[in-house]
Every structure is written in structure tokens, then in C-alpha cells.
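The structure under discussion appears below in the form of C-alpha cells.
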Amino acid sequence: MTQVLTRDDAYLADFQSLETQPRQDGAAWVQTLRQRAWARFTKLGFPTAVRGNEQWKYTSVAAIARSSFKHPADVRPKDLSEAARLLGRAPAHADWTTLVFVNGRYAPALSTALPEADGVRVTGLATALTTHGASVERHLARYAAFEDEAFTALNTAFLRDGAYVSIPDGASVPSPVHVIFVTTPGEQPIVTHPRTLVVAGRHSSLTLIESYVGHASGPYFTNAVTEIVAGDGARIEHYRLLLESRDALHVGTSRVRQETDSAFSSTSFAVGCALGRNDFHALLDGQGGSCVLNGLSRLAGREHLDNHMGIDHVRPHTTSRMNYRGILDGASTGVFSGRVLVQKEAQKTDAEQHDKNLILSREAQAFTKPSLEIYADDVKCSHGAAAGDIDEDALFYMQSRGLDKAAARNLLIQAFASQIIDTVKPEPLQDYLNKLFAGALPGFQFGETS
């Protein structure tokens with residue numbers, strides 16, 4: 001299910017250029033990994049949205065496959081100044097450890113890195129490859145397999161930099177770690193391949209925020225991959241914010257592996273983006289593990305967002321919750337595909353998934369497909385999906401209490417969004433999201449600061 005690479009020569013030229021550059025990571029295995037990934041990508045090609053290819057049935061990546069994106073060579077001084085301006089769109093707090101990446105490369109001048117202490121490492125991936133190469137090698141590309149995933153293969157082939165977070169056994173990071181990937185405008189549309197690797201040791205804890213921010217002066221392509229492994233008893237809160245511009249093309253792939261009694265939660269938020277794909281899969285590979293995946297999006301114009309979610313229950317006594325909500329206006333499109341797989345050994349699994357969409361215009365459309373695939377016989381699983389306009393009875397009730405129709409409608413939209421926002425634990429982040437999603441109110445446009 002592939003389509004011809006119309007720009008394969010450009011990708012090949014950039015890959016060959018990368019191969020001829022002096023190796024800064026000092027590791028032959030990285031070069032071998034890139035070569036394997038490139039070889040796989042050239043066989044897979046970009047996926048196509050055709051009947052029978054369920055994973056991409058409602059999402060066409062033709063805009064990516066047919067465009068010629070330039071891989072940025074280096075970060076220029078004007079990129080840093082532009083990135084500093086764009087950072088105003090992302091949440092921030094003085095207590096957070098913040099790593100900023102500009103056009104895919106770590107920017108120490110814009111970051112507030114956490115000093116390495118008690119074995120906790122929060123740094124750029126390129127740096128980690130030289131200083132902690134053996135540790136990185138044990139985990140990198142182990143969870144996000146690229147054999148059948150074209151975008152993951154492409155990301156791995158062009159792997160150069162990204163975020164690396166390593167928490168040793170029993171350690172905890174007291175305040176959130178915020179990783180921000182910024183794309184700045186250039187003479188040509190560019191592509192970046194952000195990579196994030198998080199390794200949380202036994203009984204460790206971490207709050208991680210991933211933000212993607214870009215300019216509003218034309219199309220660009222972000223192809224991100226995140227790998228997270230949670231050791232026995234680890235606790236990880238993860239937030240993913242898609243704050244790209246309306247012309248942006250973004251494909252994000254996240255893979256999580258959980259071990260015994262670990263607890264992982266991830267909440268994604270999305271606004272803007274011409275084409276957005278959030279491909280998130282968690283593997284509950286330890287008894288007693290729990291996983292929560294939540295999401296909230298607001299789409300307008302002709303924006304398109306595809307949440308492609310999966311949770312794989314491998315061991316017994318595991319729990320999962322999946323709860324997604326979309327607010328769709330204009331001629332936007334929201335896609336949700338949620339798959340919970342309960343394998344034969346995963347007895348006593350407890351799983352729920354829900355997808356709800358608020359449709360605010362006649363042209364907006366939602367495609368939703370929650371699914372359960374169960375091979376164990378002692379489980380408790382459920383799923384559901386709904387899409388519709390604002391509840392007329394609720395609207396009438398609020399108007400009967402003295403609110404005009406617009407105010408009543410806005411309050412109901414806010415209430416719909418707050419079901420997800422209220423689950424956010426870092427208070428500064430929750431405040432930021434409340435303000436951001438206030439833009440869902442009719443007549444209010446999401447702010448483009450550029």
C-alpha cells in the first residue's frame with residue numbers, strides 16, 4: 001500500500017549528504033541503523049489512503065509525498081531569534097526544565113537544562129550519543145520499529161538529534177521536563193525529524209511535556225518519533241501539544257513500553273495544522289500496569305487531525321483508559337481510530353475507550369472507529385463513540401436561566417473541553433490550556449503570533 005516517491009531523488013541526495021558528513025556521535029551502530037532505516041523506507045514508500053489500508057483510510061499524505069522539503073543543514077543565528085519569538089506560543093514556567101530544539105537541532109542558548117545529578121540525565125540526543133552511547137544504544141529504535149512504518153523509517157534514517165531523558169531506579173524529577181521543537185521559516189519548505197527517547201528506571205517518576213511549534217509563513221513538515229520505556233513501578237505523566245501553524249504537516253509516532261506495576265498517562269492537545277497525525281501505541285508488558293490515553297483537539301477551516309491510538313494488553317491485571325474529544329468547525333476533519341488488543345495471557349484486563357466529537361458546522365466531519373480485539377476470557381472491556389451538535393435541550397435550559405444563545409453555547413463548548421483539560425496536573429499547564437481552548441468559542445480565532 002505505497003505510492004511512488006515523487007521526490008525520492010531529493011530525499012536520497014539529502015541522505016547521501018548526511019552519510020558523508022563527519023560522524024559526530026562517534027558510534028558506528030548509529031550509521032548502520034540509519035542505513036537500515038533508509039533501505040526500509042525506500043521499500044515501503046509513503047502510505048496511501050486507499051480502501052483496504054485501514055491505518056490510512058481517511059488520511060491522505062499526498063501533500064507530504066508530492067512536496068520537496070529541504071533538510072536544514074545547520075541552525076542559523078536568525079533561526080534562533082525567530083525561534084525565541086515562536087516560543088511565546090508554547091507553555092512555560094520558571095520551574096520547568098526546558099530543552100529547545102530549533103529545526104531539529106538542540107539549542108542550548110534557548111534551553112534551561114537540568115544539571116546532571118543522582119544519575120538523572122536530560123540533554124540533547126546528539127550529546128547523549130557521545131557521552132552515554134552504550135545506554136542510548138540499549139533503547140534507541142527498540143520500541144518504535146521501522147520495518148512496517150514508513151514515517152518511523154524516514155525519521156530513523158535522518159536521525160541526528162533530539163531529546164534524551166534518563167531517570168535511574170528510584171529517582172524522580174521534581175518539576176516537569178518540557179521539550180519544545182520549533183520550526184522556523186526558511187527560503188524553502190523544510191522537514192525535520194525530531195526524536196525523543198525517555199528511559200524511566202524502576203520506581204522512578206517523571207512529568208514530560210512535548211510541544212511542537214512552527215511558523216505561519218508557509219508549509220513545512222515535522223516527522224517526529226518518541227520512544228518511552230517505563231520500568232517496574234515507574235510513574236510517568238506525559239503531555240503532547242501540537243501547536244503547529246495552519247500550513248503545517250505533522251506526523252507524530254509515539255511508542256511506549258510498560259513493565260510491571262508501571263503507571264503511564266498521556267494527554268494530547270491539538271490546534272491548527274493542515275494535516276496532523278498522532279500515532280500512539282502503548283504496550284502493557286508487565287502485570288499490574290496501567291495506561292491512560294486522553295486527547296482534545298480543536299479544528300477549523302480545512303484542518304485535518306488523525307488520532308491513531310492503540311493499547312496492547314500482554315500481561316494479566318492490566319488497566320487502560322482511552323478518552324478522546326474533538327471540537328470541529330468549518331470544513332475540518334477529525335479521525336479517531338482506537339484499538340485495544342487483549343492477548344490470551346492478559347486475564348483480568350480492565351479496558352475502556354471513548355471518542356466524542358462536537359460538530360459545529362455542516363461541512364465538518366468526523367470518522368471514528370473504536371475497536372476491541374480480545375483473546376482472553378476473563379476481562380472487562382467496553383468502548384463507545386459519539387458525534388453531534390451541541391445538545392439543544394441543554395442550550396434551551398441555559399437560555400431559560402437568562403443566558404443569551406451565544407453565551408450558553410460557549411459555556412457548553414467549554415464544559416465539553418474541560419472534561420479533558422481538568423485532568424492536567426501541572427497547574428501552569430492547565431491554565432495555559434484553558435486559555436488556549438477558549439479559542440474554541442465561536443467568533444474567536446486561535447492566535448497566530450507570527
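The values are calculated or read from the model by the stated rules, or taken from the named source; none is laboratory data. Model, not experiment: these values are computed from the prediction. Neighbour counts run over all protein chains shown; Cβ positions are idealised from the backbone, glycine included. Note: accessible area is taken over every heavy atom of the protein model, side chains too, but ligands, DNA and RNA are not part of it. Shrake-Rupley method; radii C 1.70, N 1.55, O 1.52, S 1.80 Å.
Numerical summary
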quantity	calculated
The range 302-336 - residue that is in a loop (DSSP other than H, G, I, E, B), out of contact with any Asp or Glu (no Cβ under 6 Å at 6 or more places or on another chain) and open to solvent by less than 20 Å² (accessible area, probe 1.4 Å) and, of those, farthest from ALA366 (Cα to Cα)	THR318
Any hit, the range 62-84, residues being within 20 Å of GLU149 (Cβ to Cβ), in a helix (DSSP H, G or I), in contact with a helix residue (DSSP H, G or I) (Cβ under 6 Å, 6 or more places away or on another chain) and touching a residue at least 40 places away in the same chain (Cβ under 8 Å)	no
Residue in the range 85-93 that is more than 20 Å from TYR164 (Cα to Cα), open to solvent by 70 Å² or more (accessible area, probe 1.4 Å) and in a helix (DSSP H, G or I) present	yes
Qualifying residue in the range 135-155 (condition: touching a residue at least 24 places away in the same chain (Cβ under 8 Å), within 18 Å of VAL256 (Cα to Cα) and in contact with a His (Cβ under 8 Å, 6 or more places away or on another chain))	yes
Within the range 277-293, considering residues that are open to solvent by 10 Å² or more (accessible area, probe 1.4 Å) and of a type in the set (A, V, I, L, M, F, W, C), the one nearest to the chain's Cα centre (by Cα)	VAL292
Condition met for GLU352 (part of a strand (DSSP E or B) and within 22 Å of GLU259 (Cα to Cα))	yes
The lone exception for ASP355 - which of (1) surrounded by fewer than 15 Cβ atoms within 10 Å (Cβ to Cβ); (2) within 17 Å of ASN294 (Cβ to Cβ) it fails	(1)
Contacts under 7 angstrom Cβ, first residue in the range 101-116 being closer than 10 Å to PHE181 by Cβ, partner of a type in the set (S, T, N, Q) and not in a loop (DSSP other than H, G, I, E, B), 6 or more apart	ASN103/THR183; ASN103/THR192; GLY104/THR192
Members of the range 367-410 found to be among the basic types (Lys, Arg) and in a strand (DSSP E or B), listed by number	LYS369, LYS380
Single residue of ALA216, ALA200 found to be at negative phi, modelled with pLDDT under 95 and of a type in the set (A, V, I, L, M)	ALA216
LEU296, sole failed condition from (1) open to solvent by less than 10 Å² (accessible area, probe 1.4 Å); (2) closer than 27 Å to ARG142 by Cα; (3) part of a strand (DSSP E or B)	(2)
Subset of the range 246-269 [surrounded by fewer than 21 Cβ atoms within 10 Å (Cβ to Cβ) and in contact with a strand residue (DSSP E or B) (Cβ under 9 Å, 6 or more places away or on another chain)]	ASP247, ASP261, ALA263, SER265
ALA274 being open to solvent by 20 Å² or more (accessible area, probe 1.4 Å) and closer than 30 Å to LYS435 by Cβ	yes
Any hit, the range 411-420, residues being in a strand (DSSP E or B) and aliphatic (A, V, I, L, M)	no
Residue list for the range 254-274, filter: assigned to a loop (DSSP other than H, G, I, E, B) and under 27 Å from PHE146 (Cβ atoms)	GLU259, SER262, CYS273, ALA274
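Residues are listed down the side, and each one gets a yes or a no for (1) without any contact (Cβ under 8 Å) to a residue 60 or more places away in the chain; (2) of a type in the set (Ser, Thr, Tyr):
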position	(1), (2)
HIS250	yes, no
GLU259	yes, no
SER266	yes, yes
VAL271	no, no
ALA274	no, no
ARG277	no, no
ALA282	yes, no
GLN287	yes, no
